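K.L.:
Have a look at this one.
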Amino acid sequence: MRERELGDSMRALRGTAGGGRYPVAEEVEDWLGDPEVAANTVSFSRALELDEREVLPDEAIARLRQFGFRRYFVPVTHGGNLRSCEELAMMARVVARRDMNVAVSESTQLWLMLVWIGGNPGQCREIADAALRGEVVPCLAYSEAEHGADLVANDFVAVPGDGDYVLSGTKWPINRAVTSTHLVLLARTHADGAADGVPPARTQSLFLVDKERVSSGEVSGLPRVPTYGLRGCDISGVRFREARVPSAARLGADGEGLELALRGLLLTRTLCTALSLGVGDTMLRVVSGFLARRMLYGGPTSEIPYVTESLAGAYLNLLIAECESIVATRGLHLYADEFSSWANLAKVGVARLVDYGGTVLARTLGARYYLRAEEHQGIFQKMLRDGAIVSVFDGSEPVCLDSIALQLASMAKARRRPRDDDWRALYDLREPLPDFDPTRVEVFGRGRDATFASLPALRARLEGLAPSPECGDERLAALRGLAARLQRDVDSLFARAGEARRAPDGAAGPARAPSSTMATSTTWATSSTKTTSPRLIRLAEECCDLHAKVACLGMWLFNRDHLDVFFAGGEWLEAALGRPSGHRFDVGDLSPPAASRLVARLDAQRDNREFFSIVPIRQAAPGSRERRLVPEPV
């Protein structure tokens with residue numbers, strides 16, 4: 001049965017498919033079943049078993065493919081189902097909460113985005129047809145052992161010939177290097193750019209290499225790399241020796257490789273926020289459920305004030321992270337030319353929120369954190385390990401922060417030009433979005449960021465709100481005060497960014513001779529060409545925290561009249577805006593009543609089998625088996 005027919009049959013089997021905000025995500029939930037049921041293909045017990053054996057979860061990946069998951073990586077303009085990045089992110093969140101090995105292995109389909117961005121019509125048509133038939137498993141071959149994130153310095157070469165290219169070099173470490181069918185590969189097409197008069201940014205080109213279409217030479221896989229997390233993933237490498245590929249394998253123009261590579265990374269950095277949200281959901285679900293059942297000192301452990309506030313803080317982190325993720329994925333439809341900073345802000349911000357929450361949950365779990373065999377603590381530990389990868393891949397946290405830091409000046413300049421956009425489409429979940437168009441994603445955003453730009457309009461909207469039964473005068477006054485402080489903090493951030501660029505950094509230690517290729521007033525002399533001031537990096541971190549707070553404010557203002565009483569009341573928003581730091585929280589930050597109400601909401605969503613979310617998103621029913629098209633034999 002073809003996948004589209006299978007999807008239609010599954011919806012008919014359910015009868016009423018997804019009455020919520022994200023019906024396809026709920027369909028994936030039903031298709032995979034309750035992860036606590038060991039017999040399900042994508043279950044916690046199977047995930048732990050394969051992780052211990054360091055085995056790729058082939059059956060689980062096949063299960064996703066039977067659903068037609070890969071259709072959502074192909075835009076509707078090319079015959080697929082990809083209309084909404086918001087929807088795709090929620091689907092990825094469903095998988096990540098079960099097993100990151102599965103989510104990360106299948107998410108390599110995202111690299112097809114580079115075909116939709118840089119490919120010509122013939123390439124797009126050919127790859128879309130093959131992908132929809134299930135014949136394409138791409139991987140990203142950018143990094144090299146000697147150069148890491150410094151893509152400009154890559155040594156892998158592609159020598160043009162008579163209608164083809166000859167590829168030589170090694171890419172490592174990369175996900176699905178061995179088990180992929182295709183590689184999205186960055187290669188140097190101008191070996192000596194300086195001699196040819198080619199600028200460094202134009203010396204490389206991008207290729208989509210079909211391993212089956214290498215006509216001569218050798219392509220070999222490198223051994224799998226043992227890893228701290230993602231123990232079931234194919235993290236390995238690939239080596240090319242005089243491998244000849246057709247010239248049609250090149251995506252985009254000669255020398256356009258780095259620009260295309262960065263455009264693709266802006267997409268994946270944004271969408272990988274969904275992986276963090278899935279991991280965060282399971283970590284909090286496991287720990288809060290255990291602590292609610294465990295009795296100490298005459299009552300549930302979760303009612304100990306320290307534990308209550310720790311759980312509340314981790315829950316609030318997830319809500320903040322979700323707001324940042326949803327706004328960013330909606331922004332890809334509306335402001336795709338502003339993501340040179342936005343994608344980095346979202347990736348760093350969401351990963352930090354979830355990772356810090358996981359650290360606090362591990363501390364709260366205490367000695368049980370070290371006991372992998374009981375009460376699903378094994379899956380908690382696995383999620384804590386696996387989730388850490390989000391801050392590393394597709395541009396590590398330092399790389400993303402460096403990119404933000406270098407754009408702070410242009411962001412400050414862009415803020416001096418007021419905007420009168422209608423921000424409803426960005427924040428209001430009821431507003432339809434245009435179909436996603438990957439070709440609109442641009443590397444050069446000229447400092448524009450819709451989230452920060454919306455803050456004055458959000459404050460004006462807040463000032464005009466009338467009190468409601470859910471949010472009375474006292475809370476409205478508190479929110480207005482916090483929004484005013486948020487505006488001052490944003491203004492201060494960009495003012496200090498200008499000062500930091502003009503003043504040398506006070507780094508300790510002897511100065512070295514300046515590099516012949518880099519000497520600026522913002523750094524001490526150094527032999528490295530990467531000289532971004534640590535003070536600017538710190539401001540970039542602060543920028544991530546403030547960006548998420550603005551996203552929360554926008555989500556509340558435009559959705560408070562149609563979501564539930566908890567969301568509309570705004571107590572969670574007051575707590576989010578009131579934090580000294582966006583992702584870190586300490587005991588004593590929340591009042592005991594506020595912490596108790598946050599945990600009560602957490603408990604209700606856990607017991608009702610909903611995602612920890614500002615939006616009602618149903619999870620698979622307790623004890624449910626994965627969906628079948630025909631009844632199983634009795």
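The values are calculated or read from the model by the stated rules, or taken from the named source; none is laboratory data. This structure is a prediction, so every number in the text was calculated from the model and none was measured. We place every Cβ from the backbone using ideal geometry, glycine too, and count neighbours over all the protein chains shown.
K.L.:
Pick out the one residue from Arg231, Arg213, Arg202, Arg188 that is more than 25 Å from Arg263 (Cα to Cα), of a type outside the set (Val, Ile, Thr) and crowded, with 17+ Cβ neighbours inside 10 Å.
P.N.:
Working: Arg213 fails: crowded, with 17+ Cβ neighbours inside 10 Å; Arg202 fails: more than 25 Å from Arg263 (Cα to Cα); Arg188 fails: more than 25 Å from Arg263 (Cα to Cα).
Sole residue among the options that is more than 25 Å from Arg263 (Cα to Cα), of a type outside the set (Val, Ile, Thr) and crowded, with 17+ Cβ neighbours inside 10 Å: Arg231.
K.L.:
Can you find, within segment 29-48, the residue that is surrounded by the most Cβ atoms within 10 Å (Cβ to Cβ) among those that are without any contact (Cβ under 8 Å) to a residue 60 or more places away in the chain and within 17 Å of Ser105 (Cα to Cα)?
P.N.:
Ser43
K.L.:
How do the pairs read when you match residues in segment 386-407 that are buried (at least 20 other Cβ atoms within 10 Å of the Cβ) with residues anywhere that are β-branched (Val, Ile, Thr), using Cβ under 6 Å and keeping only pairs 6 or more apart or on different chains?
P.N.:
Qualifying pairs under 6 Å: Gly387/Val279; Asp394/Thr268; Cys400/Val348; Leu401/Ile537; Ala405/Thr532; Ala405/Ile537.
K.L.:
Which one of these does Leu602 not meet: (1) surrounded by 16 or more Cβ atoms within 10 Å (Cβ to Cβ); (2) in contact with a Phe, Trp or Tyr (Cβ under 7 Å, 6 or more places away or on another chain); (3) assigned by TED's automatic domain parsing to the domain that holds Val287; (4) closer than 22 Å to Leu546 by Cα?
P.N.:
(4)
K.L.:
Next question. Restricting attention to segment 18-65, which residues are assigned to a loop (DSSP other than H, G, I, E, B) and out of contact with any Ser or Thr (no Cβ under 8 Å at 6 or more places or on another chain)?
P.N.:
At the first step, the residues of segment 18-65 found to be assigned to a loop (DSSP other than H, G, I, E, B) are 18-22, 33-43, 54-57.
Within segment 18-65, Gly18, Gly19, Gly20, Arg21, Tyr22, Ala39, Asn40, Thr41, Val42, Ser43, Glu54, Val55 meet the criteria.
K.L.:
Still on this model: Just to be sure I understand, how many residues within segment 585-616 are of a type in the set (D, E, K, R) and on the phi > 0 side of the Ramachandran plot? Please lay out each step first, then the result.
P.N.:
Step one: filter segment 585-616 for residues of a type in the set (D, E, K, R), giving 586, 589, 597, 601, 603, 606-607, 609-610.
Retained after the next criterion (residues that are on the phi > 0 side of the Ramachandran plot): 609.
Residues that pass the stated criteria total 1.
K.L.:
Take the residues in segment 144-185 that are buried (at least 19 other Cβ atoms within 10 Å of the Cβ) and polar (S, T, N, Q), then tell me which one is farthest from the chain's Cα centre (by Cα).
P.N.:
Per the criteria, the residue is Asn154.
K.L.:
In the set Arg133, Arg70, Arg83, which member is charged (D, E, K, R), buried (at least 21 other Cβ atoms within 10 Å of the Cβ) and over 17 Å from the mean Cα position of the chain (by Cα)? Write out each step before concluding.
P.N.:
Values: Arg133 fails: buried (at least 21 other Cβ atoms within 10 Å of the Cβ); Arg83 fails: buried (at least 21 other Cβ atoms within 10 Å of the Cβ).
After applying the criteria, what remains is Arg70.
K.L.:
Please name all residue pairs, on different chains or six or more residues apart, with Cβ atoms under 6 Å, provided the first residue is in segment 255-269 and is crowded, with 21+ Cβ neighbours inside 10 Å and the second residue is of a type in the set (Asp, Glu) and outside any helix (DSSP H, G or I).
P.N.:
From residues that are crowded, with 21+ Cβ neighbours inside 10 Å, the pairs are Leu265/Asp394; Arg269/Asp394.
K.L.:
Next question, about the same structure. Here are some conditions: (1) hydroxyl-bearing (Ser, Thr, Tyr); (2) within 24 Å of Asp422 (Cβ to Cβ); (3) modelled with pLDDT under 95. Thr523 meets all but one. Which one does it not meet?
P.N.:
In the conditions (1) hydroxyl-bearing (Ser, Thr, Tyr); (2) within 24 Å of Asp422 (Cβ to Cβ); (3) modelled with pLDDT under 95, Thr523 misses (2) alone.
K.L.:
Same structure, new question: May I ask you to say which residue of Arg372, Arg363, Arg368 is over 23 Å from Glu541 (Cα atoms) and touching a Gly at 6+ places or on another chain (Cβ under 7 Å)? Break it down stepwise before answering.
P.N.:
On the way: Arg363 fails: touching a Gly at 6+ places or on another chain (Cβ under 7 Å); Arg368 fails: touching a Gly at 6+ places or on another chain (Cβ under 7 Å).
Matching residue, one of Arg372, Arg363, Arg368: Arg372.
K.L.:
Report whether or not Val28 is closer than 17 Å to Thr282 by Cα, over 21 Å from the mean Cα position of the chain (by Cα) and at pLDDT 95 or above.
P.N.:
Details: closer than 17 Å to Thr282 by Cα: yes; over 21 Å from the mean Cα position of the chain (by Cα): no; at pLDDT 95 or above: yes.
Here the answer is no, as Val28 does not meet what is asked.
K.L.:
Name the residues in segment 247-298 that are out of contact with any helix residue (DSSP H, G or I) (no Cβ under 6 Å at 6 or more places or on another chain) and at positive phi, would you?
P.N.:
Correct list: Tyr297, Gly298.
K.L.:
Something else: If you take just the helices (runs of 4 or more DSSP H) that sit entirely in segment 525-634, which of them hold at least 2 residues that are under 25 Å from the mean Cα position of the chain (by Cα)?
P.N.:
On the way: elements: 534-559, 565-569, 571-578, 592-607.
Filter on segment 525-634 gives 534-559, 571-578, 592-607.
K.L.:
Can I ask one more? Could you tell me which of the residues Leu408, Leu332 is more than 24 Å from Arg501 (Cα to Cα), at pLDDT 95 or above and in the same structural domain as Met555 (by TED's automatic domain parsing)?
P.N.:
Criteria check complete, one pass: Leu332.
K.L.:
Moving on to the next point. Inside segment 441-491, can you point out the residues that are buried (at least 20 other Cβ atoms within 10 Å of the Cβ) and in a loop (DSSP other than H, G, I, E, B)?
P.N.:
Hits for segment 441-491 are Val441, Gly445, Gly447, Arg448, Asp449, Ser454, Cys471.
K.L.:
Right, here's the next one. Kindly check whether there is at least one residue in segment 235-250 that is surrounded by 16 or more Cβ atoms within 10 Å (Cβ to Cβ), part of a loop (DSSP other than H, G, I, E, B) and in contact (Cβ under 8 Å) with a residue 40 or more places away in the chain.
P.N.:
No, because not a single residue in segment 235-250 is surrounded by 16 or more Cβ atoms within 10 Å (Cβ to Cβ), part of a loop (DSSP other than H, G, I, E, B) and in contact (Cβ under 8 Å) with a residue 40 or more places away in the chain.
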